[in-house]
Amino acid sequence: MTDASKTHYDIIVIGAGIAGISLASYLAADHTVLVVEAEGQPGYHSTGRSAALFSESYGPVAVRALSRASGAFFRQPPKGFSDTALTTPRGFLAVADAEHWQDLQAFGALPEVRAVMRPLSTSEVLVRCPVLRPNRIAGGMIEAGAADIDVHALLQGYLRRLRAAGGRLASGLRVEHIERTASGWIVRSAGQAHSCRVIINAAGAWADDIAAKAGLTPIGLQPKRRTAALVDTPPSISAANWPLVYDCAEHFYFKPDAGNILISPGDETPSEPTDAQPEELDVAIAVDRIMTATTIPISRIRSRWAGLRSFVSDGEPVAGYDPGDDGFFWLAGQGGYGIQTAPALARLAAAMVDHQPVPEDIASFGLVAGQVAPGRLHEPGA
Ligand SMILES: Cc1cc2nc3c(=O)[nH]c(=O)nc-3n(C[C@H](O)[C@H](O)[C@H](O)COP(=O)(O)OP(=O)(O)OC[C@H]3O[C@@H](n4cnc5c(N)ncnc54)[C@H](O)[C@@H]3O)c2cc1C
C-alpha cells in the first residue's frame, strides 16, 4: 500500500499489468512514480493469462517491429534483471489447410516475415509435430527462433527495477474518480487521493473507462475473450519438443506446457472489461478442433481459463499523449501481443512520455511514432 505521507507524484500509472509495470520501471529512473492497481496483485488480468509466446512474425506491422525490437532484451536481459532465463526455445509453426495455404505463403513472403520464417512441406510439418493429420495440412511456415516467455520472471524483473528506482506500487486500489487541475490531476480511489502531473493509462481492457473518468474521448478499445485449457499429454506421445502449432485461420493452437498440452480455440468473443471466465462451449470447441486436426486423444481437461485481448480498429498498440490533453498518456490496445512487445514498447513509451524521439534501435526496425499514436484513432474514418 502507499506511503500515507506522500500523495504527490510526477507520474501515476493506472494498471499493474505488464504494460504499466514495464513502463513505470523506466520512468522511475527520472520521475517520482506511483502505480495504482485495482487487484490485490500485479498481473492478475490479461498478463497472467497469456500463452506466453514470443514470435517475431505474429501480429500486424507495428507489432512485428516492436517484437523484433524486443528480441535482444528477451535473449539477453540486462544484468541482474532476472535470475532465470526469460525465454526458452519453442518454435512457432503456422499450418494451413488447402483453402488457406496461398494466404499463408503470401504472408510468409513479406520481407520481415521471410527473415524469420521458412516454408515447410506437409511431410516437414509432420516431422515437427507428428500428431497433425496429414490430410488437413497443405503446408506450413516455421519460425525456429520463437520462444516461450517466462511471464512471471519478466513481470518480477520489471517490478524489482521499479522498486530499486524508488517507484511505488499500490495494489488493491481501484481508481474511481479522476479530476483535472491546472497543473495536473487528482486521482481518487477508496478514500485516498493522489495528485500527479501526468497520468499513464495502462488499464488494459479498462483503458477506455479510465479515459471517460478523465473526461477524454475513448479510442474505441474492444476487449475480446480468449479461452485456453490444459489437457493431459498421453503417455504414448512425446510432445516436449513440439513447437507451438498455430492454425493460420486461427481456429486453434496448441503447445506443450510443463508436461501438459495447452490448447485454445482461438476465440475472439467481444466482451465488456471484466474478470473473464471460460465458457464450457469454448472449451468444448477447442477440444473438438484439436481432435479434428490431430490424433491427440483428449479425455480430461486439467484446468481452463480465459482472458481479454483488447484491440483498437487497426489492431496496433496505442502509445502516446492524448490529442486532447498533454497530461494523459495512453499505453493500451496490445491485443494478443502485449507480452512479446513489452520490452520495446515500454522503452518507446518512456521516450514519448519525456517528449524524446523513438529510440534508434527501435526505429531501425521501421517503427515510427505515428503508427502507435492515439491521434490516428480520432481521425475521420478511423
Ligand atoms: C489467452 C491469451 C493468450 C495470450 N497470449 C499471448 C502471447 O502468447 N504472447 C503475447 O505477447 N501476448 C499474449 N496475450 C496478450 C497479453 O496477455 C496482453 O496483451 C497483455 O497482458 C496486456 O497487458 P496490460 O498490462 O495492458 O493488461 P492487464 O494485464 O490486463 O493489466 C491492466 C491492469 O489494469 C488494472 N486496472 C484496470 N482498471 C483499473 C482501475 N480503475 N484502477 C486501478 N487499476 C485498474 C487491472 O486490474 C489490470 O491489472 C494473450 C492474452 C490472452 C488472454
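Compared with the dominant Cα axis of the chain, that is its longest principal axis, helix 151-164 is turned about 20°. Within the range 334-357, list the residues whose amide N lies under 11 Å from a label point set 7 Å along Cα→Cβ of residue 152. Zone members listed by number: none at all.
Taking amide H as placed 1.01 Å from N in the peptide plane, the amide H of residue 139 sits under 5 Å from that of 96, each at least 5 places away or on another chain. Computed over protein heavy atoms with a 1.4 Å probe, the accessible surface of the chain works out to 42 Å² per residue. Normalised by 2.2 N^0.38 Å, where N is the number of residues, the C-alpha radius of gyration of the range 243-354 stands at 1.34. Between helix 280-293 and the chain, what is the angle of the helix's C-alpha long axis to the longest principal axis, kept within 0 to 90° and rounded to the nearest 10? Taking Cα atoms only, the helix is inclined about 40 degrees. Under 5 Å from the amide H of residue 269 lie the amide H atoms of 225, each residue being 5 or more positions distant or on a separate chain, with H modelled from the backbone and absent for Pro and chain starts.
Prolate is the label for the range 101-184, because a/c, from the alpha-carbon gyration tensor with a ≥ b ≥ c as root eigenvalues, is 1.5 or above and a/b exceeds b/c. Normalised by the number of residues in the range 137-249, the average gap of Cα pairs under 8 Å and 6 or more apart makes the relative contact order 12 percent. Expressed in nm to one decimal, what extension gain is obtained for the pair residue 180 and residue 249 from 0.36 nm per residue of sequence separation less their Cα-Cα distance? Length difference between fully extended and current span is 20.3 nm. Once the chain from residue 7 to residue 241 is taken as fully extended at 0.36 nm per residue, the excess over their C-alpha distance is 79.1 nm. The tail of the calculated P(r) for the chain, taken as Cα-Cα distances beyond 41 Å, holds 14 percent of the pairs.
Highest-first packing order for the peptide set 180-188, 365-373 is 365-373, 180-188, based on the mean count of other beta carbon atoms within 10 Å. Once the C-beta distance of residue 277 and residue 121 is scaled by a Förster radius of 51 Å, the resulting FRET efficiency is 0.80 to the nearest 0.05.
With the contact rule set at Cα under 8 Å and sequence spacing of 6 or more, what percent relative contact order holds for the range 260-382? Relative contact order here is 20 percent.
Remark: relative contact order (the chain) = 23 percent; criterion is Cα-Cα distance under 8 angstrom and separation of 6 or more residues. The H on the amide N of residue 310, modeled in the peptide plane, is under 5 Å from the matching H of 224, 334, 335, each at least 5 residues off or on a different chain.
In the chain, what % of DSSP beta bridges are antiparallel (nearest 5)? Provide the component values of the computation, followed by the final result.
Details: 51 of 72 bridges.
That works out to approximately 70 percent antiparallel.
A simple rule links phi to the HN-Hα coupling: the Karplus curve 6.51 cos²θ - 1.76 cosθ + 1.60 with θ = phi - 60°, which for the range 178-191 gives 10, 10, 7, 10, 4, 10, x, 9, 10, 10, 10, 8, 6, x Hz, with x for Gly and Pro. Remark: the range 325-339, residue by residue, has Karplus-estimated 3J(HN,Hα) of 7, 7, x, 10, 10, 8, 9, 8, x, 7, x, x, 9, x, 7 Hz, where x stands for each Gly or Pro and the curve is 6.51 cos²θ - 1.76 cosθ + 1.60 at θ = phi - 60°.
Most tightly packed first, judged by the mean number of other beta-carbon atoms within 10 Å of their residues, the peptides 131-139, 308-316, 273-281 read 308-316, 131-139, 273-281. Each part reduced to its alpha carbon centroid, the range 102-146 and the range 203-244 end up 24 Å apart. When Rg and Dmax are taken over the Cα atoms of the range 300-356, they come to 14.8, 53 Å. Residue by residue, the range 239-252 carries 3J(HN,Hα) couplings of 9, 3, 9, 5, x, 6, 9, 10, 6, 5, 7, 6, 8, 6 Hz when phi is fed to the Karplus relation 6.51 cos²θ - 1.76 cosθ + 1.60 (θ = phi - 60°); x denotes Gly or Pro. Could you tell me how many degrees, from 0 to 90 and to the nearest 10, lie between the Cα long axis of helix 61-75 and the main elongation axis, the longest principal axis, of the Cα atoms of the chain? Its long axis makes an angle of about 90 degrees.
Accessible area, 1.4 Å probe, largest first: how do 161, 376 sort?
On the way: 161 80, 376 35 Å².
Sorted descending by solvent-accessible area, the residues read 161, 376.
Tell me, how many Å apart are the Cα centres for the range 320-382 and for the range 21-47? Cα centroid of the range 320-382 versus Cα centroid of the range 21-47: 17 Å apart. Full extension of the chain segment joining residue 313 with residue 79 gains 80.4 nm, where the gain is 0.36 nm per residue of separation less the Cα-Cα distance. The candidates 238, 67, arranged from most to least accessible area with a 1.4 Å probe in the full protein assembly, appear as 238, 67.
The values are calculated or read from the model by the stated rules, or taken from the named source; none is laboratory data. These numbers were taken from a predicted model, which means no experiment stands behind them. Using ideal geometry, Cβ is built from the backbone for each residue, glycine included, and neighbour counts are taken over all protein chains shown. For the accessible areas, the whole protein counts, side chains as well, though only heavy atoms, and no ligand, DNA or RNA atoms are used. Shrake-Rupley method; radii C 1.70, N 1.55, O 1.52, S 1.80 Å.
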